[in-house]
Structure formats: structure tokens, C-alpha cells
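See structure below.
The values are calculated or read from the model by the stated rules, or taken from the named source; none is laboratory data. None of these values were measured; they are calculated from a predicted model. Cβ atoms come from the backbone with ideal geometry, glycine included; neighbour counts cover every protein chain shown.
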């Protein structure tokens, strides 16, 4: 009996997680696995690109977790430089850009995301870069090496802030141009204002409420300025930090159902809701918010790896379900660390919650211990039940990863009072005796602080 055939389209986080999970459960004689990747690399950390640009990571190859040769040792065939051009779901075939047709019994679509690009003149000019693939990072590094001195970053999300920081560290004058009033739109305004101040203190210009209207080019056709309704910002380099949308062109053309978010519609096993033999995972797939149950598209590597593992496990014969997302994320700009999870105030309001917020100021260590830094913790909780709905943390070194304990509490459905009574660790080098996250929960639950 011949082996079943699994074809995976896309060789980064979701695709390779699916392939390796399936291989662990089914040997090569039972399941043949072929991965098609249009780029030259697989299993690379796109999240690490800003730090390679900033020379914090000196060797590009350090961003590559595993090579095609290492996957071959697991009997996973990886074809780099191979683009899937067409899916015939009825025939069970994939046609490549080289004209080859591959048959499949199971298909995983892991085509990832694409940088959001507003429809404005000049955005495809030389000197305008996404931060999506290793080639993007190489292009930005080359621009800096060639003498770029002024950069405009479009957008103030995670990638935008990280790129602004590393470009400034490389000696460039950096301006962030925002369509919104503040950076980090999934934070409440009072927390976003803290980030805006930190950027200004670092010498990074922030231009809010200014959707880009055009990228002006010079005689050589390369980007020379970003224009808004308010002004024009000279530059040698433009970086897109406007977020990611799902890359679904191939899936849409094949007739896969696309969900309300514009991503591939899948169930909790990552199986397509329109084609039983097809799975989708990662930035190209739609998921759901754990608190609201609503369909969402959140492009994060953590989700992509988990979703790929779920798809691969199911293909391998083991029951698995994706449990949803909270949108938990952490980043930094300069010495300021930023974390968020669950619902911000705007999201809680949109979901119909009667909610309250509490914000407290604390320190990352015992106040008397060297290196104690300010930290602000904001909690969003349901006014009736006290259930924690979301949290935000902004502060100095040591603040950011506190978001994980708050994410665990939100994930578990704890109330503020339950979380305030939880048994967290303490030692002066790590926190005050009452950690700021606990103090915030005590205030939110109206527990007497003694």
C-alpha cells in the first residue's frame, strides 16, 4: 500500500510545525511529506529581523531554526525556491511555478501574511521595505550600509516600534508617522501616551493622526519623502510597520472559504470549513477570541506554531483543537517594556461588557533594591462578576513579561479577587513583596490593602 501524501504550502512557523507534528505521529512509509516554500529559507524567525537589522544579532543564519537538510533527516522533503501557483482541490493537486504537478491526500495551506500597504503613490518605490522575510532585513541593512541617514516608519505597532528603535541605534534620524492618535492601538490611550512620551524622550519623532498620502521619489526613483495632509518628512528609507493581513490569494483562487476577517475559514482543528482534506494555519487562517468567541485575525508567531501543531497532529491521527487567542504580546522600545493581553477598554466596550478599569503605579523590584524601575499596570474587569478581561503593562526593564501571569489569569477566567489571592513568588531583586500585578488586582476587587 502506498503512503498517504501530505503537501504543505509555506515553510515557516505554521507550515513546518504542521509537517513535524505529522511526522512524529506517522512514519515515512505511512505518510510522505513535501513542503513547498517560495523563498530560500524555512523555519526562520521573522520576529528577529529587527534585531538583525540593529546588529544585536550579527549572523543572519542565527535566525534560522532548522535547515532543509535537518528536515530531510526526518524524511520531510523541503523544496525551497518553489512557489505553489495553483491548487486543484477536486483533483487533489498542486501546480508549482516550475510546471510540476504534485498530488496530495492532505493539504496544509500556510502561506502566512503580507504587510498591509495602503493604496498610495510611491509605496512600491525602491527604498520602501516591509519587515516580513529575511530578504527584507537584508535590504534594510544594505540601505543603512549604503549611507541612509533618515528613516520614516509607517505605523506604531510592535514591528514599527522595534524598527524605530534599532534604526535609531544604527545612527539614523527616525520619524514614526501614525494614522492613529497614538502608537500601539490595542492599548488604552493612557498607556499609549506613556509610549509616545518615551519615544520623544529617546529623540524619535512621532507624527500622529497623519495617514500617509504618498511616498515621494527622487530622480533615481527611490523614496525621498513621506507626505501626509499635514506635512512632508524627508527620508532615505521607509519601513512598513502597519501590521499584517492574511495572504489568501492562492486559497481564494482555489475556492477555499474565506472568513469574515479575510482569512481562511477553519474549525478548531484547523480544518477548512469548505474542504475536508485541507487545513490552514498561521497568519493566513482565521481564528477566534477566547473571551468573546468572535472571529479574529491575529498575526503572531506564537499562534502560528500552535495552529500548525494542531493541524499536523490531526493529520497524524491524534485529536487536537486550537483553544483560541487573547492577543497576548510583548515588545520594547528603548528601556520601556510593553505588554498586553485580552481586551482593552475599546474591545470590552465593543463586546458589550459592563466593565471597569483600574490603573496602579509600582516598581519592578523592591523599592530599596538597586535597579528598581517604575511600572504601570492596568486591568480591565467585568463590573458584575469581577472576571479579568484584559491587562496592560508598561514600565522599565523587568516589567514586560509580567503580562504572562496576567494572561494566564485571563485565560483561566479568574476574577480579580481570585488572582489577588494567588501565590506568587517574592524576593527583592524581582519584585516588591506585593507585586504590582497583585496590587492592581486587589484594587480592582476592592480588597483592603492593609
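Out of 346, 342, one residue alone is surrounded by fewer than 24 Cβ atoms within 10 Å (Cβ to Cβ), under 19 Å from residue 382 (Cβ atoms) and not assigned by TED's automatic domain parsing to the domain that holds residue 190. It is 346.
Quick check, is residue 94 surrounded by 15 or more Cβ atoms within 10 Å (Cβ to Cβ) and part of a strand (DSSP E or B)?
Values: surrounded by 15 or more Cβ atoms within 10 Å (Cβ to Cβ): yes; part of a strand (DSSP E or B): yes.
Judged against the criteria, residue 94 is a match.
Looking only at the stretch 362-377, count every residue that is more than 14 Å from residue 438 (Cβ to Cβ) and in a strand (DSSP E or B) and tell me the total. Residues in the stretch 362-377 being more than 14 Å from residue 438 (Cβ to Cβ) and in a strand (DSSP E or B): 2 in total. Of everything listed in (1) touching a residue at least 40 places away in the same chain (Cβ under 8 Å); (2) in contact with a helix residue (DSSP H, G or I) (Cβ under 7 Å, 6 or more places away or on another chain), the single unmet condition for residue 258 is (1).
Condition test on residue 308, is it under 30 Å from residue 27 (Cβ atoms) and out of contact with any strand residue (DSSP E or B) (no Cβ under 6 Å at 6 or more places or on another chain)? In short, yes.
So is residue 251 at pLDDT 95 or above, touching a helix residue (DSSP H, G or I) at 6+ places or on another chain (Cβ under 9 Å) and either more than 28 Å from residue 171 (Cβ to Cβ) or part of a strand (DSSP E or B) (or both) or not?
Spelling it out, residue 251 is indeed at pLDDT 95 or above, touching a helix residue (DSSP H, G or I) at 6+ places or on another chain (Cβ under 9 Å) and either more than 28 Å from residue 171 (Cβ to Cβ) or part of a strand (DSSP E or B) (or both).
Annotation note: of 332, 306, the sole residue that is under 21 Å from the mean Cα position of the chain (by Cα) and assigned to a helix (DSSP H, G or I) is 306. Picking from residues in the stretch 309-324 that are without any contact (Cβ under 8 Å) to a residue 60 or more places away in the chain and not in a helix (DSSP H, G or I), the one that is nearest to the chain's Cα centre (by Cα) is 324. Put simply, of 421, 398, 384 the only residue that is surrounded by fewer than 22 Cβ atoms within 10 Å (Cβ to Cβ) and on the phi > 0 side of the Ramachandran plot is 398. Selection of the stretch 63-82 for residues being under 14 Å from residue 36 (Cβ atoms) and either surrounded by 15 or more Cβ atoms within 10 Å (Cβ to Cβ) or outside the structural domain of residue 18 (by TED's automatic domain parsing) (or both) yields 68, 71, 76, 77, 78, 79, 80, 82. Taken over the stretch 23-61, the criterion of being closer than 26 Å to residue 318 by Cα, free of Cβ contacts under 8 Å to residues at least 40 places away in the same chain and surrounded by fewer than 16 Cβ atoms within 10 Å (Cβ to Cβ) is satisfied by 29, 30. Scanning the stretch 229-246 for residues that are surrounded by fewer than 19 Cβ atoms within 10 Å (Cβ to Cβ) and in contact with a strand residue (DSSP E or B) (Cβ under 6 Å, 6 or more places away or on another chain) gives 232, 234, 245. Within the stretch 160-202, if we keep just the residues that are in contact with a strand residue (DSSP E or B) (Cβ under 8 Å, 6 or more places away or on another chain) and in a loop (DSSP other than H, G, I, E, B), the residue that is farthest from residue 129 (Cα to Cα) turns out to be 188.
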